[in-house]
Protein chains: 4
Amino acid sequence: MIFSMTPLDKLIAHFEKFPGTGIRQARRFAFHILTLKPEQADELAGLVTSLKNSVVLCPSCYRYYSESGERQPLCSICRNPNRDRSKLLVVARDSDTEAIERSGVYDGLYFILGGTVSLLHNPKDEQRVRSGALLGCLTTRLKEDHLMEVILGFSVSPDGENTARFVENHLEPVLKGTAVSLTHLGRGLSTGSELEYADPETIKSALQSRTK
Amino acid sequence: MIFSMTPLDKLIAHFEKFPGTGIRQARRFAFHILTLKPEQADELAGLVTSLKNSVVLCPSCYRYYSESGERQPLCSICRNPNRDRSKLLVVARDSDTEAIERSGVYDGLYFILGGTVSLLHNPKDEQRVRSGALLGCLTTRLKEDHLMEVILGFSVSPDGENTARFVENHLEPVLKGTAVSLTHLGRGLSTGSELEYADPETIKSALQSRTK
Amino acid sequence: MIFSMTPLDKLIAHFEKFPGTGIRQARRFAFHILTLKPEQADELAGLVTSLKNSVVLCPSCYRYYSESGERQPLCSICRNPNRDRSKLLVVARDSDTEAIERSGVYDGLYFILGGTVSLLHNPKDEQRVRSGALLGCLTTRLKEDHLMEVILGFSVSPDGENTARFVENHLEPVLKGTAVSLTHLGRGLSTGSELEYADPETIKSALQSRTK
Amino acid sequence: MIFSMTPLDKLIAHFEKFPGTGIRQARRFAFHILTLKPEQADELAGLVTSLKNSVVLCPSCYRYYSESGERQPLCSICRNPNRDRSKLLVVARDSDTEAIERSGVYDGLYFILGGTVSLLHNPKDEQRVRSGALLGCLTTRLKEDHLMEVILGFSVSPDGENTARFVENHLEPVLKGTAVSLTHLGRGLSTGSELEYADPETIKSALQSRTK
């Protein structure tokens with residue numbers, strides 16, 4: 001079969017692997033490529049090929065970053081002297097970091113786990129999440145920075161909560177006996193929450209974390 | 001026109017006024033009534049007529065309640081000696097009270113405002129919400145019970161937040177100089193929240209109210 | 001349990017049986033009843049009780065109708081001398097008749113089957129659909145009117161198509177040897193159909209029934 | 001600003017131009033590219049660059065096609081001796097052709113217009129649709145093939161119907177005096193249509209095109 005696939009079929013097959021993309025959207029993407037001017041197609045192709053080289057995985061927080069100027073050893077957050085080095089927020093993905101940075105209310109450092117640990121036990125997931133690297137990062141920070149708090153920032157979903165438990169189990173032996181506290185993002189009513197339709201867990205959190 | 005409306009049309013018109021019900025659903029409801037056995041239709045009609053008589057508005061919390069036994073002067077929550085009388089949770093509607101009671105984590109008393117104050121200023125709304133009655137209730141509780149905290153429990157929506165501000169403005173002069181604190185339900189990630197899609201306000205609250 | 005149900009609970013239970021209504025909407029309906037003025041509640045109750053008496057099942061087409069004037073032996077469609085009595089359109093429900101009348105393009109008579117015959121064989125369904133009455137109606141029309149065509153008008157869904165087959169099997173022996181033709185509503189692109197997403201069956205019908 | 005855009009930003013900007021893709025999905029696509037193995041990224045880039053060269057616009061029907069074997073002067077449909085050359089189906093896009101081919105019920109030829117003419121008059125649209133090329137194609141077919149029917153196959157939407165009118169106006173002068181008929185795909189109930197919710201136009205078509 002593979003021998004009879006046309007370039008168009010092959011391109012559609014690539015697009016089908018894009019996150020959240022089905023066969024129909026993949027086909028539309030391919031027809032979109034056909035409408036590009038040659039220089040646009042070339043630029044897109046060039047970016048696809050070179051992205052990995054232009055993007056660096058920060059060796060400290062494991063965030064992908066892409067910089068136009070001189071290559072730096074660490075990402076812009078990790079090397080920013082104004083960030084509070086006593087706080088480390090562990091998140092699943094780069095997109096979580098971006099959402100938090102957009103909110104402009106966190107001034108500590110990050111660690112990107114690179115994925116979640118799904119409830120349905122799948123050893124591959126666990127290899128994907130960088131628990132070893134996280135332990136290494138923690139050990140360094142405990143020594144060099146005055147780490148005071150590790151915040152677990154995961155979605156309130158079965159996988160998010162399972163990942164929180166998984167990371168907690170990994171970190172507890174290391175943090176035992178240190179002054180570092182392990183916290184979770186607070187729960188409560190979020191923007192758009194209707195009290196009438198809120199689930200018991202959310203109501204409980206909202207009552208416990210009430211504010212003046 | 002009104003003279004030529006058939007009973008079927010009139011019933012459909014009644015159903016159209018039911019909350020969240022359009023003309024098509026109203027028609028389906030009318031055809032559903034046609035499929036009822038006479039004794040079922042009679043029971044339904046009897047309940048519609050007598051509901052108001054069988055349901056009492058609690059003179060203390062303004063909650064509707066319906067009891068099968070002997071008539072009581074107060075609703076089951078207000079007369080429950082095990083409820084913590086130092087806390088008063090102000091909500092918009094009976095359905096909010098029900099959601100909180102289902103969660104089983106609140107043991108104080110309630111006050112049902114009877115509606116929200118919409119952002120688009122509408123004097124009718126303000127008459128609908130029982131701010132006068134709320135002030136009376138507070139004055140009584142300040143004297144008789146050892147009221148310590150008034151909790152505002154409104155949805156995180158423009159109208160919910162406007163109602164919270166409105167109630168706050170009403171209560172502040174009364175609470176000034178007392179030991180009673182005015183609090184809000186806590187905000188944060190709610191069940192199902194994806195960190196990546198959380199809005200800045202929710203992320204901010206989640207960071208501020210982080211828990212061990 | 002039934003003894004401890006309050007009138008409010010009983011009313012909510014009635015509303016839960018309304019088509020497409022869950023427990024939450026049922027509760028909202030009950031609280032809506034509480035906001036009615038006594039005369040509104042009484043009118044609604046009166047209509048619920050008397051609907052069946054004010055509405056008549058047409059003995060010819062089995063359509064429910066409700067008339068404000070003098071009682072007539074047949075519904076307004078069946079007794080309308082301008083309707084084409086050579087065509088009989090068999091539909092599942094009163095609401096189908098209403099949709100077709102709104103379109104204003106059908107001038108024949110109807111027969112309301114009263115339900116569909118679901119694919120998952122359920123003898124109750126078959127009793128609900130008035131196949132016996134349909135045969136009687138046909139026999140009368142064959143004699144008295146110059147019936148030329150029976151049109152099956154069912155939704156294009158598994159149940160609709162199964163009902164069409166069921167009715168076809170019932171009618172074929174009766175229509176055999178007569179000049180009456182048995183037809184189906186035409187298929188093709190409907191308003192809003194996107195050619196790109198149309199299923200093969202619809203495309204096939206659209207090609208077969210192309211028009212000038 | 002353009003000078004400070006990183007390669008990652010540039011790639012995201014490219015993905016944002018993909019049909020139906022917002023900024024968030026574009027970002028996910030970019031992060032997906034980061035997870036590709038170098039050889040996968042290279043293959044994808046190669047396909048993007050070379051797609052136009054590997055894909056040919058059929059000079060007869062204006063369909064894009066991509067063939068792995070020897071280059072042919074016409075697409076596989078146009079050069080297929082078994083296709084009925086007396087029928088020409090005019091559609092807006094390649095994806096429409098694909099949907100019809102999947103249904104397996106059309107054996108004639110196609111002409112791909114390359115777009116729709118939107119109701120809101122936009123001269124660019126009209127340039128995009130290949131009305132000149134369509135006239136040329138028709139003239140050829142009228143001479144060489146025994147063209148008997150031009151079928152307009154557009155979605156039943158405001159733009160689709162406007163395009164049909166636009167093409168009709170273009171073709172009428174050419175077809176006048178010839179034996180070629182101009183037809184439209186048939187309308188009626190499509191798969192999934194509920195009679196109760198069908199619009200008057202669809203009901204009308206379904207009644208007019210009823211089948212035995």
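Worth pointing out:
- The residue that is nearest to C:Leu195 (Cα to Cα), among those in the range D:169-196 that are in a helix (DSSP H, G or I) and facing chain C (nearest Cβ under 7 Å), is D:Leu195.
- Near pairs, Cβ below 7 angstrom, 6+ apart or cross-chain, from the range A:80-102 (under 21 Å from A:Arg165 (Cα atoms)) to any residue that is among the small types (Gly, Ala, Ser): A:Lys87/A:Gly108; A:Leu88/A:Gly108; A:Leu89/A:Gly108; A:Leu89/A:Gly153; A:Val90/A:Gly153; A:Val91/A:Gly153; A:Ala92/A:Gly115; A:Asp96/A:Gly153
- So D:Val56, is it touching a Lys or Arg at 6+ places or on another chain (Cβ under 8 Å), β-branched (Val, Ile, Thr) and at negative phi: yes
- First in the range A:155-168 and at the interface with chain B (Cβ under 10 Å from one of its Cβ atoms), second anywhere and in a helix (DSSP H, G or I) and at pLDDT below 90, Cβ under 6 Å, 6 or more apart: A:Ser155/B:Leu195
- The set of residues from the range C:6-17 being basic (Lys, Arg) and either modelled with pLDDT under 85 or in a helix (DSSP H, G or I) (or both) comprises just one member, C:Lys10.
- The number of residues in the range C:18-29 that are modelled with pLDDT under 90, assigned to a helix (DSSP H, G or I) and out of contact with any Pro (no Cβ under 9 Å at 6 or more places or on another chain) comes to 3.
- Applying the condition of being closer than 19 Å to D:Leu57 by Cα and at pLDDT 90 or above to the range D:84-99 and asking which residue is nearest to the other protein chains (Cβ to nearest Cβ) yields D:Asp96.
- Residue satisfying all of: in the range B:74-99; touching a strand residue (DSSP E or B) at 6+ places or on another chain (Cβ under 7 Å) and assigned to a helix (DSSP H, G or I); surrounded by the fewest Cβ atoms within 10 Å (Cβ to Cβ) among these: B:Asp94
- Residue-level check: of (1) within 7 Å of chain A (Cβ to nearest Cβ); (2) more than 17 Å from the chain's Cα centre (by Cα), D:Asn80 misses just (1).
- Looking only at the range C:151-196, and only at residues there that are buried (at least 22 other Cβ atoms within 10 Å of the Cβ) and in contact with an Asp or Glu (Cβ under 6 Å, 6 or more places away or on another chain), the one that is farthest from C:Ile100 (Cα to Cα): C:Leu195
- Residue count, the range A:30-65 (criterion: within 7 Å of chain D (Cβ to nearest Cβ), charged (D, E, K, R) and either more than 22 Å from A:Glu98 (Cβ to Cβ) or in a strand (DSSP E or B) (or both)): 1
- When each of D:Arg27, D:Arg63 is tested for being touching a residue at least 24 places away in the same chain (Cβ under 8 Å), out of contact with any Leu (no Cβ under 7 Å at 6 or more places or on another chain) and not aromatic (Phe, Trp, Tyr), the lone residue that passes is D:Arg63.
The values are calculated or read from the model by the stated rules, or taken from the named source; none is laboratory data. Note that the coordinates shown come from a computational prediction; the quantities given were computed from them, not determined experimentally. As a convention, Cβ positions derive from the backbone with ideal geometry for all residues, glycine included, and neighbour counts pool all protein chains shown.
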